[in-house]
Amino acid sequence: MPAPVPAAENKEEPAPVPAPATALMPVTEKKGEVAPVSVPVTPDVEAKEESSSAPTAKARKSTFGKMKSMLSPKKTPVASSEAVDPTMSVEKALDMIQDPKCDSNQFMLFGYDSKMKGFEVKVGPLSGGMASLKSAIGCKKELLYGIFRVVGRDGSKSATCLDSNHFVTVFYRPSGLPIKMRMKATNFKSAAQKVVGNVAFNLEIDVAEELSEDDIVASLRKCGGARQPTDFLFA
């Protein structure tokens, strides 16, 4: 009887020893597979890179402002034709207009203040005479009192007198005023005449177009003396 053959020994191969993991190339559990390399970046370095590459909000705003100023056309300041000094009283404005040394035909407009208890300067004093006063009145819906100067000049060869100043006042009372303002119209006119004082003559209108140089010249000649100017200058 033949001798029994011993069973073959199961020889197991030794398990591979994994290589030690490094910071740059970590090894996975399976042999031959390498994980992707990742280089850590510290927060300080990352913040520096962002601040150096991206412009700040202040820098962006400054750059945008420069570009806008280069593209936008420059606007020339326009002087207002109705400039008013808020600190100037009506009495001071009248003194400026009636000053004999004043070399231009100035005008002014004044009216009630916001509380309708006193007067305040609305327009002026400005040059331009009656024509500018008409333009300043326009189509305003309020009680106004204006004054302008007209210069009488004698152009005859025998004339020895100097130019004469004639002051004309205008009471403007337009139609369509509120009831409260209409009730104050008479008192307004009376008080305004006292503030202005004596003038050549007074006019009362409800639209600015009623002012006419021909009518004013005719009135000035009526109230003038024997010696009449040859010309009247309105501006």
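The values are calculated or read from the model by the stated rules, or taken from the named source; none is laboratory data. These figures come from a predicted structure and were not determined experimentally. Glycine also receives a Cβ, built like all others from the backbone with ideal geometry; neighbour counts cover every protein chain displayed.
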Hey, L203 hits all of (1) more than 33 Å from the chain's Cα centre (by Cα); (2) modelled with pLDDT under 90 but one; which does it fall short on? (2)
Can you find a residue in the stretch 180-188 that is buried (at least 17 other Cβ atoms within 10 Å of the Cβ), within 23 Å of L94 (Cα to Cα) and aliphatic (A, V, I, L, M)? no
Restricted to the stretch 79-113 and to residues being part of a loop (DSSP other than H, G, I, E, B) and modelled with pLDDT of 90 or more, the residue nearest to V207 (Cα to Cα) is D113
Looking at the structure I just gave you, is N165 farther than 21 Å from D214 by Cβ and either touching a residue at least 12 places away in the same chain (Cβ under 8 Å) or surrounded by fewer than 21 Cβ atoms within 10 Å (Cβ to Cβ) (or both)? no
Quick check on K92: is it exposed (fewer than 15 other Cβ atoms within 10 Å of the Cβ) and either within 28 Å of the chain's Cα centre (by Cα) or not basic (K, R) (or both)? yes
What pairs come out if I take residues in the stretch 96-121 that are at positive phi and pair them with residues that are basic (K, R) and in a loop (DSSP other than H, G, I, E, B) whose C-beta lies under 7 Å away, six or more apart or interchain? M116/K184
